[in-house]
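Below is one structure, written out as structure tokens, with a few remarks after it.
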Amino acid sequence: MALIKLSNLVALLIFTSLTVLAFHFILGHGDASGFFDQLSAQCSNISSDEAPYRLPYTGIQFIDKTLCAVVVFFHASFGPDVAPFLTYFLVSVAPIMGHAYFESSRPSRPFLMAYPVIFFQVMQLLSFGATFSVYWMLFVLSGSSSLRSLGPQTMVTKAHAQAIIFGIFIGLIILSGCMIILQDPYITAIWQVFPIVASVATILHLIIRPASLYPESGYKIIRGFYISSFILISSMHITLLTSRGMEEMKVLMLPSINVLPTSTSIELHSLNLLQWDATFGLLSSLLGTLWFGRNVKEIFALLAWNLLASPLVGPGAAFSASALWREVWLHDDLKGSKKE
């Protein structure tokens, strides 16, 4: 009991600190550098020539103006200097999204973990870095991290596993791909609700293939998802490492500690914000995996893995492997079952 209380206290301290730092570097720097003012300025003029992204997205003026600024931001990220990082970032989020949705589908999950769409939709408003520092804190405090054996109350069914991966494919992969490739402002605006799209797709899949008809363990599907995520993210990471020099990699991957000058181009402002967002979101997720450990030895092994694997294969791939490891021992008593 004392160890649990200590674990909760450590999680509260670490993830609260990360949330504060994320708000400071992502939103605080964006405001102090004048970046947010630059985005708003491109949405103030009614002229379609001077404000091409000031469009009637919803027909509600204040929402359309906000969406305009968001569209300006993302379209500034589609250039060759930013797009590789944006794509890498979005793909790296996939296994984290998968984890959150898999956790929500366990019958015994706490109420706080039951609706991951809330975290992902808030992420679209307040950033991935700030939102998921809170998610991982709640993951620990709610008791979700303390699962130690798998049974009917903690198993992810085959139907849920398939539906979740289908939802992620439609909501995150397909919609993000359309946004980056087509670069249409309306699609970019729709992308802002990709978590809702993913959740709706998941629900529709469960209606067609309900858990009552496919109640067996979804372990093999979850395993395939994490292995595929690891291969894809690590391949992207290694390609970036081998195709660029050290200085180019620093520019692409590392944000500026200092507030960028107002004269900085909107593209580099966008890159810097995305870099900070990825830094805190992926860092909090990797730290969250430490609570996958069942004892001190496993916690230190996970820490060593994260420190070694993140620079070599990417933090998203490192997370995929840790999440897979957790699922392996959670499903250890069912892997030999004919119902797998």
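Some points to look at:
- Across the chain, Cα-Cα pairs farther apart than 32 Å form 31% of the total.
- Sequence-separation-based contact order of region 197-340, relative, with Cα cut under 8 Å and 6+ spacing, percent: 38 percent
- Solvent exposure of Lys5, expressed as accessible area, is near 130 Å², computed with a probe of 1.4 Å over the protein chains only.
- Plainly put, region 231-319 has a radius of gyration that is 1.05 times its Kirkwood radius, both from alpha-carbon atoms, as the Rg/Rh ratio.
- Heavy atoms of Leu27: accessible area, 1.4 Å probe, square angstrom to 10: 60 Å²
- Solvent exposure ordering (accessible area, 1.4 Å, most first) of Ile299, Ile96: Ile299, Ile96
- Unpaired by the 4.7 Å Cβ criterion, cysteines found in the chain: Cys178
- Helix-only mean residue ellipticity at 222 nm for the chain, each DSSP H run of n ≥ 4 adding -39500 (n - 2.57), per residue, nearest 500: -21500 deg cm²/dmol
- Heavy-atom accessible area, probed at 1.4 angstrom with all protein chains present, ranks Trp191, Trp291 as Trp291, Trp191, highest first.
- Projected label distance in nm at Ile227 and Ile174, using a 7 Å step from Cα toward the beta-carbon: 2.5 nm
- Residues Tyr57, Tyr219 ordered from highest to lowest accessible area at a 1.4 Å probe: Tyr57, Tyr219.
- Scattering from region 133-251 was approximated by placing one identical point on each alpha carbon and applying the Debye formula without solvent; log10 I(q)/I(0) at 0.18 1/Å stands at -1.17.
- Surface accessible to a 1.4 Å probe, Thr66 within the full protein complex, Å²: 80 Å²
- Semi-axis lengths, Å, region 27-183, gyration tensor of Cα atoms, sqrt of 5 times eigenvalues: 36, 17, 14
- Extension gain, Ser256 to Leu303: 0.36 nm times the residue separation minus the Cα-Cα distance gives 14.4 nm.
- Per the Debye formula on identical point scatterers at the alpha carbon atoms of region 168-309, with no solvent, log10 I(q)/I(0) at q = 0.10, 0.13, 0.16 Å⁻¹ is -0.55, -0.93, -1.29.
- Placing dummy labels 7 Å off each Cα toward the beta-carbon, the span from His24 to Thr239 is 3.7 nm.
The values are calculated or read from the model by the stated rules, or taken from the named source; none is laboratory data. Quantities reported herein were computed from a predicted structural model and do not represent experimental measurements. Please note: Cβ atoms are built from the backbone with ideal geometry, for glycine as well, and neighbour counts cover all protein chains shown. Heavy atoms of the whole protein, side chains included, go into the accessibility calculation; ligands, DNA and RNA do not. Shrake-Rupley method; radii C 1.70, N 1.55, O 1.52, S 1.80 Å.
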